[in-house]
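Chemist: Pasting a structure below so you can have a look.
The values are calculated or read from the model by the stated rules, or taken from the named source; none is laboratory data. What you see is a predicted model, and the numbers here were worked out from it, not measured in a lab. Neighbour counts run over all protein chains shown; Cβ positions are idealised from the backbone, glycine included. Heavy atoms of the whole protein, side chains included, go into the accessibility calculation; ligands, DNA and RNA do not. Shrake-Rupley method; radii C 1.70, N 1.55, O 1.52, S 1.80 Å.
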Amino acid sequence: AILEVDLQAQVPELKVPVYMIMGEYDVMKKPARRYFDSLRAPHKEWIEIKGAGHAVSADKPEDVEAVYLGKVLRP
């Protein structure tokens, strides 16, 4: 199961930019933040969507779209 995967041990580094998009009320926010803080990557950005839960794309689709267009896909 996905909860049994230890990303900190198995994937300590990525060679691509990382944008961690989390909902303000996501139940996985604390473990995701621990991994994010330990992860080595050329660029990392923690993005928290206010008022969203675990299904951030369903809860706040316009906010997620704005992140993709304004940060991830910026020219």
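Chemist: Would you mind telling me which numbered condition in (1) open to solvent by 50 Å² or more (accessible area, probe 1.4 Å); (2) free of Cβ contacts under 8 Å to residues at least 40 places away in the same chain; (3) not aromatic (Phe, Trp, Tyr) residue 71 fails?
Modeler: (2)
Chemist: Would you confirm whether or not region 45-58 contains a residue that is assigned to a helix (DSSP H, G or I), under 14 Å from the mean Cα position of the chain (by Cα) and of a type in the set (D, E, K, R)?
Modeler: No, every residue in region 45-58 fails to be assigned to a helix (DSSP H, G or I), under 14 Å from the mean Cα position of the chain (by Cα) and of a type in the set (D, E, K, R).
Chemist: Something else now. With (1) within 17 Å of residue 2 (Cβ to Cβ); (2) touching a residue at least 24 places away in the same chain (Cβ under 8 Å); (3) surrounded by 14 or more Cβ atoms within 10 Å (Cβ to Cβ); (4) touching a Gly at 6+ places or on another chain (Cβ under 8 Å) as the list, and residue 59 as the residue in question, which single condition is left unmet?
Modeler: Single failed check for residue 59: (1).
Chemist: Out of everything in region 1-45 that is over 21 Å from residue 72 (Cα atoms) and in contact with a Lys or Arg (Cβ under 9 Å, 6 or more places away or on another chain), what residue ends up being surrounded by the most Cβ atoms within 10 Å (Cβ to Cβ)?
Modeler: 8
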